[in-house]
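The values are calculated or read from the model by the stated rules, or taken from the named source; none is laboratory data. For clarity, every value in this text was computed on a predicted model and none was experimentally measured. When we count neighbours, we look across all protein chains shown, and the Cβ atoms used for this are built from the backbone with ideal geometry, even at glycine.
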Amino acid sequence: MNTATLPDNTVPLWGNQIDEQGWLEGELCHRQILRALPVAVYTCDAQGRVTFYNRAAAKLWGQEVELNKDLWCGSWKIYRMDGTPMPLDDCPMARTLREGRSIRGEMVIVERPDGTRRMVLPHPEPVRNSRGEVVGAVNTLVDITPANSDMDGDSGGLGAFVQNGRFDLNRTTAGC
């Protein structure tokens, strides 16, 4: 790969010398960067197997996942914003891999194994090889659960809006 094939906003971390060692060092550096991010990031291969995730993703999911075995994500359960369950094979990451396109603006609710829930805005993006074939995808998960909300309790807060299908993002984020 030469620098002419990289996107305009990309500078190779391994410099102008493109060799196997340089590629490996660049790959290692990229993974270290992703691990250090305070936002949840993970990758899947073309079959949907999780191939990488950082600590922020494990914290959001409430669990560690088994690499190259778990499919689509590390979420224990996913719900649509109206509160209906979303099958894992219909989650935004699965659809990105299946359709070969980004999925944007689709909020979901992630339930952890302990029953707590978080409102999440996923940003799955397909990864393509030099022939344009989808070889995997990367997903950034932004936790947009309001700081003072009660997603899990019965206080009539955000959890009630979500469970009753009356969620209004403009109302809950006013003043942000």
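Figures for the structure shown
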read-out	value
Single residue of 104, 98, 31 found to be of a type outside the set (Gly, Ala, Ser) and either crowded, with 18+ Cβ neighbours inside 10 Å or assigned to a loop (DSSP other than H, G, I, E, B) (or both)	104
Region 107-126: number of residues that are within 19 Å of residue 71 (Cβ to Cβ) and surrounded by fewer than 13 Cβ atoms within 10 Å (Cβ to Cβ)	1
Candidate set: region 106-131, residues that are at pLDDT below 90 and not charged (D, E, K, R); chosen: the one nearest to residue 44 (Cα to Cα)	129
Single residue of 31, 80, 49 found to be among the charged types (D, E, K, R) and modelled with pLDDT under 95	31
Subset of region 60-75 [touching a helix residue (DSSP H, G or I) at 6+ places or on another chain (Cβ under 7 Å) and not hydroxyl-bearing (Ser, Thr, Tyr)]	64, 71, 72, 73, 74
Residue that is closer than 12 Å to residue 48 by Cβ and of a type in the set (Ser, Thr, Tyr), where the choices are 96, 116, 84	96
Residues being surrounded by 13 or more Cβ atoms within 10 Å (Cβ to Cβ) and not small (Gly, Ala, Ser) - total across region 77-88	7
Qualifying residues in region 127-140 (those that are of a type outside the set (Ser, Thr, Tyr) and farther than 20 Å from residue 37 by Cβ) - the one surrounded by the most Cβ atoms within 10 Å (Cβ to Cβ)	134
Cβ pairs under 9 Å, 6+ apart, first in region 129-149 and closer than 17 Å to residue 93 by Cβ, second of a type in the set (Asp, Glu) and surrounded by 13 or more Cβ atoms within 10 Å (Cβ to Cβ)	135/45; 136/45; 137/45; 137/125; 138/125; 139/125; 140/125
